[in-house]
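S.K.: Once you've had a glance at the structure underneath, I'll fire off some questions.
The values are calculated or read from the model by the stated rules, or taken from the named source; none is laboratory data. Only a predicted model underlies this, so the values are computations on that prediction, with no experimental measurement involved. Using ideal geometry, Cβ is built from the backbone for each residue, glycine included, and neighbour counts are taken over all protein chains shown. Side chains included, ligands, DNA and RNA excluded: accessible areas come from the protein's heavy atoms. Shrake-Rupley method; radii C 1.70, N 1.55, O 1.52, S 1.80 Å.
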Amino acid sequence: MIDIKQPLSILLFCTTLLGCTGSNFDKNSDKATSKKLLVAQECEYVTIEDIPKLSSCAEQGNAYAQMVLGVHYMKGDGVPLDFEKSAQLTRMAADQGNINAQFNLGTLYENGIGVSQSPEQAFYWTNLAANNGYPEAMNNLGKYYRLGFGVQQDNSKAYEWYLKAAQLGVAVAQVNLSRMYYYGLGVKIDRLMAIQLAELGAKSGVLFGMTQLGFYHIETGNFKEGIFWTQKAADLGEPHAQANLAFLYLQGRGVKKDTEKAKQLLISAAEKQSPHAMFILATLYEKGDVFEKDNTKAHEYYLKAAKLGDMDAQHNIGIQLWHGTYIKQNKKEAVTWFEKAANSGQIQSMKVLAEIYRTGFKDFPKDEEKEKYFRERIAEYQHL
């Protein structure tokens, strides 16, 4: 979760500065500064395994000790497992400017661990850590901008933060950046760059990087490399790779067709919350050729996948809402889903939106600029 090997010299430096500003402090301020200096000196060489010393230093307000002790409570390592205690300690350290703690606190708010889930608080603390130079926070900030989590969705800013993190060697950011290049999100489409970035992540051991690399190779016709990386990630339990491999078995693309194996992989991947697996299951229940036809289950899987970010599922939910298929018609909500899908690179949603803004309808008047934007995005994809 964090690098907890950071020495206490930074804290000592900061408190020393407080004591070097001259003799203009009042007596109370001078005493407080002296106390901070003593705490910093006492806790300078505390090790991450020394729970009693960490606890003492944390109680005296040492931010580093608070941050490390928060990690111990999060893991139940040497102390009882206590998410709320972990969050409290992490918040104390974050309030004092510890960037590890700021990053950790953002993650806690993102997932609702020890605190109530709050996209806005997750963004706030992650933004602080990223702007203070924490590489992993930069990647998470890119994700928040990409998804519109706690902040207005913005692919250009997502690209900027993914790029910063990737340049600092964050392997998962390299994979996330590859997706931006592959789909032209916040940057011009560059499939070769996407493959190169995904390869960096894959060779660094990032499972999702292996999955993306396999997908890119398959989509560009290199089945040998594509299946190699997809199979490798799937064998290591990566759910998105299992879903992609299942699709290949269903189609018989690059592998011998095997419906039963595909079903097993899909069910396993869906249980691990793979949105792509849920999307494929939805299509199978809708068609009724592999599973018994069940439109209710199809809609449920489409909706779950859409909420988890699958752009094809988002497009299909938009279609269902537009026509009132399986659910009550709601064209305004349908457009929201089309826009989510289009912002992820779903070309069919781009075509729908271009037409909507060309003709206009209630709640969405004609808009030549938006129509032009989506037409240009469509043209970019069609020229690949």
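S.K.: So how tilted is helix 223-235 from the main axis of the chain? Cα-based, degrees 0 to 90, rounded to 10.
M.R.: 50
S.K.: Can you tell me the accessible area per residue over segment 106-237, all protein chains present, probe 1.4 angstrom, in square angstrom? Could the numbers behind the result be given before it?
M.R.: Numbers: 5700 Å² over 132 residues.
Spelled out: the 1.4 Å probe surface of segment 106-237, per residue, equals 43 Å².
S.K.: Working from the alpha-carbon coordinates of the chain, get Rg over Rh, Rh being the Kirkwood radius.
M.R.: Working: Rg = 25.0 Å, Rh = 23.5 Å.
The Rg/Rh ratio comes out at 1.06.
S.K.: Considering only protein heavy atoms and a 1.4 Å probe, what is the carbon-and-sulfur percentage of the accessible area of the chain?
M.R.: 51
S.K.: Give me the lysines in straight-line cross-link reach of K370: C-alpha distance below 17 Å, same-chain residues under 8 apart excluded.
M.R.: Those lysines meeting the cut-off are K332, K340, K351, K362.
S.K.: Can you work out the FRET efficiency for the pair Q251 and D190, with r the C-beta to C-beta distance and R0 = 22 Å, to the nearest 0.05?
M.R.: The calculated FRET efficiency here is 0.20.
S.K.: May I ask for log10 I(q)/I(0) of segment 216-294 at q = 0.19, 0.21 Å⁻¹, from a Debye sum over the Cα atoms as equal point scatterers with solvent left out?
M.R.: Values, matching the q order: -0.75, -0.90.
S.K.: I'd like the accessible area for E271: 1.4 Å probe, protein heavy atoms, all chains in place, Å² to the nearest 10.
M.R.: Approximately 140 Å² of E271 is accessible to the 1.4 Å probe.
S.K.: Shifting gears a bit: Can you give me the Cα centroid spacing of segment 96-169 and segment 243-280 in angstrom?
M.R.: 32
S.K.: Using θ = phi - 60° and the Karplus curve 6.51 cos²θ - 1.76 cosθ + 1.60, what whole-Hz ³J(HN,Hα) does each residue of segment 356-369 get, with Gly and Pro shown as x?
M.R.: Whole-Hz 3J(HN,Hα) from phi for segment 356-369: 4, 6, 6, 8, x, 6, 3, 6, 9, x, 4, 8, 5, 5.
S.K.: Next up: Count neighbours as other Cβ atoms within 10 Å of each site's Cβ, and list the trypsin sites (Lys or Arg not before Pro) in segment 290-384 that are DSSP loop with at most 14 such neighbours.
M.R.: K293, K328, K362, K366
S.K.: If the cut-off is a Cα-Cα distance under 19 Å, which aspartates and glutamates reach K293, setting aside same-chain residues fewer than 8 apart in sequence?
M.R.: E260
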